[in-house]
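Please treat every number below as a calculation from the coordinates, not as lab data. All of these numbers come straight from a predicted model, not from anything done at the bench. Virtual Cβ from ideal backbone geometry, glycine too; neighbours counted across all protein chains shown.
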């Protein structure tokens, strides 16, 4: 059985994948996700100068266990800010073709944009995204 978008086997792909979002008007947006296969830490370098609103001392979530002295910015926000920005003018329920190129396979299917994006967001929220934040 072929897993759907959002259910890539991390052991099989070693956390590496390139996501292609193809819109009906021909526009395509591409995002690469790279995780260390041993630790599952995000290995893509974070944004060089993240916005100030990401600072934990600005507005830290009540249930966030991070110490702002050790993690000055929200590690998840640092990872997703460019992704969110790239789709800021898109409609979440718009149908797109999502193709994920993994190390050993390529998965593709039409799906609402929000479902394709939820796959990347899920990876970033459960990975060790804050290793270098």
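Structure above, values below:
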quantity: Descending Cα extents along the principal axes, segment 10-132, whole Å; calculated: 44, 35, 26
quantity: Ascending count of other beta-carbon atoms within 10 Å, so fewest first, for 67, 82; calculated: 67, 82
quantity: Segment 10-132: relative contact order as a whole-number percent, Cα under 8 Å and 6+ apart; calculated: 32 percent
quantity: Kirkwood Rh, angstrom, segment 60-118 [1 / mean 1/r, Cα pairs]; calculated: 14.1 Å
quantity: Stretchable slack from residue 94 to residue 48, in nm (0.36 nm times residue separation minus alpha-carbon distance); calculated: 13.5 nm
quantity: Ranked 104, 88, criterion: other C-beta atoms within 10 Å, fewest first; calculated: 88, 104
